[in-house]
Amino acid sequence: MEKMDIGLIGLAVMGQNLALNMARNGFRVAVYNRTPEVTQAYLAGPAVGTGILPAFDPAELAAALRPPRAVMLMVKAGAAVDAVIESVAPQLQPGDVIIDGGNSHFRDTERRIAALSPSGIRFLGMGISGGEEGALRGPSIMPGGDREAYEAVERVFTAIAARVNGEPCVAYLGPGGSGHFVKMVHNGIEYAVMQLIAEVYDLLAHGLGFSAAELSAIFQAWNEGPLESFLIEITGRVLAHTDPESGKPLVDLVLDQASQKGTGKWTSQEALDLGTPVPTISAAVEARSLSAHLAEREAMARAFPRAAAPQGVGSRDSHGFSPQAREALVTAAGAGLYAATVLAYAQGMALLRAASREHGYGLDLSEIARIWRGGCIIRARLLEEVRRAFAEDPDLPSLALWPPFQEALSKGMDSLRKTLHTTIDLGVPTPALSSALAVFDGQRSQRLPANLIQALRDYFGAHTFRRMDREGTFHSDWGRGRG
C-alpha cells in the first residue's frame, strides 16, 4: 500500500477541514479519531472521493505513514494532548514529527518538546487561525519548535495556508513554544478588537438608537476604508441577519454572555509577568468575565438604572440627538475605533517583542504581521502597514511611532475622546476604548504620578527612591517624628 504523507488525529470540524485542505492540495492523508464512528461518518460524508485513509488505532495510523512520519494533533488543549502523545509516541521512531495544531499554552509546548527529546521524536507547536472556513480554504499558520521538524513538513503547510499577493501565510517563527505564544497573542488582539467593535456597537445601538439594519450599513461602509478587516466585515453581516422565526434581527435575540477559552486570559497573565502593558486586551478579557455575571448585572441594573438619554428641542429622535449630531458621532466613532484598534495591535506587538527577548525566540515582527494578513481572524488592511513598519525598522519602539500610524493617531485621538465623552454621558460602558486612550495618554506623558506612588512606598515600607536631580538611591522619614 502506498504510504501517506501525513497523519491527522482529531476529527472535530477543524481537523476534518484541515485534512480536506491537505487532500485537495495533493497530499495523501491518513486520519484517526478516538471514536471510530466519527471516522466512519467522515469517510462516508465530507471525505468521500478524497483518498483520505482511515485508521482505527495509533499503530495503524503510524504504519500508514512514510518516514519520517508526521502526525498532526487537532484535539482539545490540555490533558487531551498529553493523552494522545502518550498513545502515539510509542508508535514513532527517532526523527518522526508530532505537530500540535491546537490552542495549547506555550509552556505546555515547551514541556512536551523536552519530554520527547530523549526519544528523538521532534515536536512542533503550531498556531492555526481562520476558523472552520480558514481550515478548509487556507488558514494563517504559526509554527514554532524544532526547525528541522518544520522543514520536514514545510511543503504541506505552505500549500494549505492562505495566500496574500501570492505569499503563503505561514513562516517558521522560532524555537520552543514560540508558535503557540504568537497564536496566544493573536487571540489576545482578537479579544481586544472584538470588544472595541462591541463597545462602538453599544454606543450606536443603545445610546444613539440606530437599528441593526442601519448599523449593518455603517459597518459595511467602514469596511471600505482604513477599518477594512475580517471582523468589521462579519460585523456588518451579523447585524444584517434576520431571525426567520421572529423576523427580528437575530443579534438582538442573542444572550449577552460572551464565552472564552482562555487564550485572552493567558495573554494578560504573560503580559503581567513580562511587565508589558496590554490594557486593552485585559479590558476585553474582563468584559467577557463581567458579561458572564448576568444575575448580578440584572440586580445592579434595577438598583442603578441608566439615566434617560438627554432630550432637547427641535428636530430630535427618540434618543435626544439631532440627525446632524448622530452623523457626527458616527464619524467620530469610526475614527476613534480605528485609533483604538491600532493601539490594540501595538500592545500585542510590544508583548511579542518582550517575549522574544525573554524566551530567546528571535521573533521577526514583520513576518508575523505578514502571515496575519490572510486567513486569520484578525486579518486587516492595517497589517500591511504593520509589516512595513517592522520591515523598515525592526527596533521600532511602538507602532504608534510609525509615521502613517502616528498621523492617524494624531487625527483619531480627538475622535476617540469625543466618542468617550458621549459614552460617559450616556452611561455606555467602554472599558476597552477607555483603556486604549488611557495607555496612549500614559505613554506620551513625560511625567507620570508614579513619583507619588514611590514616595508612598518609601514612607510605609522604606523601599527607597531615586531622585531627578542627583544620582543614587535615597530614603526619607517624610517628616515623621515632627511635632
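Report, by chain and number, residues whose modeled amide H sits under 5 Å from the one on residue 321, excluding near sequence neighbours (fewer than 5 apart, same chain).
Result for residue 321 returns nothing.
On full extension of the chain, what length is gained from residue 163 through residue 459, given 0.36 nm per residue of separation minus the C-alpha to C-alpha distance?
100.7 nm
List every residue whose amide H lies under 5 Å from the amide H of residue 56, counting only residues 5 or more places away in sequence or on a different chain, with H placed 1.01 Å from N in the peptide plane.
61
Looking at the square roots a ≥ b ≥ c of the eigenvalues of the Cα gyration tensor of the chain, which shape do they give, rounded for a/c under 1.5, prolate if a/b is larger than b/c, or oblate?
oblate
Would you mind getting me the FRET efficiency between residue 292 and residue 213? Use the beta-carbon distance for r and R0 = 25 Å, nearest 0.05.
The computed FRET efficiency comes out at 0.30.
How high is the relative contact order of the chain, in percent, with contacts defined as C-alpha pairs under 8 Å that are six or more residues apart?
13 percent
What nm value, rounded to one decimal, do you get for the distance between residue 43 and residue 147 when each label is placed 7 Å out toward the C-beta?
According to this spin-label approximation, the distance is 4.0 nm.
Output ³J(HN,Hα) for region 212-219: one whole-Hz value per residue in order, computed from phi by the Karplus curve 6.51 cos²θ - 1.76 cosθ + 1.60 with θ = phi - 60°, and x for Gly and Pro.
Running phi through 6.51 cos²θ - 1.76 cosθ + 1.60 with θ = phi - 60° gives 4, 5, 5, 5, 4, 5, 5, 5 Hz.
Please state the shape class of region 429-476: rounded when a/c is under 1.5, otherwise prolate if a/b exceeds b/c and oblate if not, all from the C-alpha gyration tensor.
oblate
So, in the chain, how many Lys pairs have Cα atoms under 23 Å apart, if the pair is 8 or more places apart or on different chains?
5
Once phi is turned into ³J(HN,Hα) by the Karplus curve 6.51 cos²θ - 1.76 cosθ + 1.60 with θ = phi - 60°, what whole-Hz value does each residue of region 267-274 show in order, with x for glycine and proline?
These are the phi-based 3J(HN,Hα) values: 4, 5, 5, 5, 4, 5, 5, 8 Hz.
Output ³J(HN,Hα) for region 288-301: one whole-Hz value per residue in order, computed from phi by the Karplus curve 6.51 cos²θ - 1.76 cosθ + 1.60 with θ = phi - 60°, and x for Gly and Pro.
5, 4, 4, 4, 6, 8, 5, 4, 5, 5, 5, 5, 5, 5
With a sphere of radius 13 Å drawn around the Cβ of residue 15, what net charge do the other residues whose Cβ falls strictly inside it have (Lys, Arg +1; Asp, Glu -1)?
For residues surrounding residue 15, the net value is 0.
Under a Cβ-Cβ cut-off of 11 Å, what is the net charge of the residues other than residue 187 that fall near it, where Lys and Arg count +1 and Asp and Glu count -1?
Charge balance near residue 187 sits at +2.
When the label point is put 7 Å from the Cα of residue 87 along its Cα-to-beta-carbon vector, which residues of region 1-30 have a backbone N closer than 15 Å?
Taking a point 7 Å out along Cα→Cβ of residue 87, the residues of region 1-30 whose backbone N falls under 15 Å are 8-12.
Compute the Rg to Rh ratio over region 6-176 from the alpha carbon atoms, using the Kirkwood formula for Rh, and round to two decimal places.
0.93
Can you compute the helix-only [θ] at 222 nm over the chain? Use -39500 (n - 2.57) per DSSP H run of at least 4 residues, normalise by all residues, nearest 500 deg cm²/dmol.
-17000 deg cm²/dmol
Rank these for me by crowding, 371, 234, going from fewest to most other beta carbons within 10 Å.
Ranked by crowding around the Cβ, least crowded first: 234, 371.
Subtract the Cα-Cα distance of residue 252 and residue 401 from 0.36 nm times their separation in residues, and report this length gain in nm to one decimal.
49.7 nm
Multiplying the sequence separation of residue 59 and residue 24 by 0.36 nm and subtracting their Cα-Cα distance, what value in nm do you get?
Extra length available between residue 59 and residue 24 comes to 10.1 nm.
Quick one: which residues, 5+ away or cross-chain, put their amide H under 5 Å from the amide H of residue 4? H built at 1.01 Å from N.
Long-range HN contacts for residue 4: 65, 66.
Report the local net charge at residue 430: Lys and Arg +1, Asp and Glu -1, summed over other residues whose C-beta lies under 11 Å from its C-beta.
Local net charge: -2.
Quick note: the coordinates plus some simple rules give every number you see, no bench work behind them. Computed from a predicted structure; not experimentally measured. All Cβ positions, glycine included, derive from the backbone under ideal geometry; neighbour counts span all protein chains shown.
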